[in-house]
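Just so you know, all these numbers are worked out from the coordinates, no wet-lab data involved. Quick caveat: nothing in here was measured; it's all calculated off a predicted structure. For neighbour counting, all protein chains shown are included, and Cβ atoms are generated from backbone atoms with ideal geometry for every residue, glycine included.
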Amino acid sequence: GSIHEGTVSRRDDKGASIQLPYGLEGFAPNRHLSKEDGKSISSDETAEFMVIEFDRNEKRIIVSHTRIWEQEHIDEKEAVKKEARAQAEKTRKAVKSVQSKVEKATLGDLGVLADLKKKMSANSDSDGDSGENEKSDDKAADDAESK
């Protein structure tokens, strides 16, 4: 809604009557009369009010002072969220770009593992018997030392 400067003309237990420009009168419920510091707008005080409901048939205008500063807080939070989303999108695009430039290679494709497997199998075939003998020789030496 639009924002207008108004003066509180009278207050009651439900809210306040607000004198708006051009001779119009609006109503502000108590929950819409709080200031940013937590205090309530008093009688004969002038402040800015946002029109939150306008009914031409019933000639009723509902205004709010609270909505003005609440809206500012909401706008600030949305700006922070929007910035965070933009940053995340930028990061995602950068990661995608880097990933597309990097050569895709798996360990199986490298061929180095195949060579390593051949070397290991060749070593285990030639060293397999001697390794067992060394173990049994070590065991015999340990037994002799313990006696």
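Worth pointing out:
- Residue-level check: of (1) surrounded by 10 or more Cβ atoms within 10 Å (Cβ to Cβ); (2) in contact (Cβ under 8 Å) with a residue 12 or more places away in the chain, S2 misses just (1).
This table checks each residue for (1) touching a strand residue (DSSP E or B) at 6+ places or on another chain (Cβ under 6 Å); (2) among the small types (G, A, S).
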site: I18; (1), (2): yes, no
site: N30; (1), (2): yes, no
site: S34; (1), (2): yes, yes
site: D55; (1), (2): no, no
site: T91; (1), (2): no, no
site: A94; (1), (2): no, yes
site: V102; (1), (2): no, no
site: K118; (1), (2): no, no
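- Residue list for segment 55-74, restricted to those being charged (D, E, K, R) and exposed (fewer than 10 other Cβ atoms within 10 Å of the Cβ): D55, R56, E58, K59
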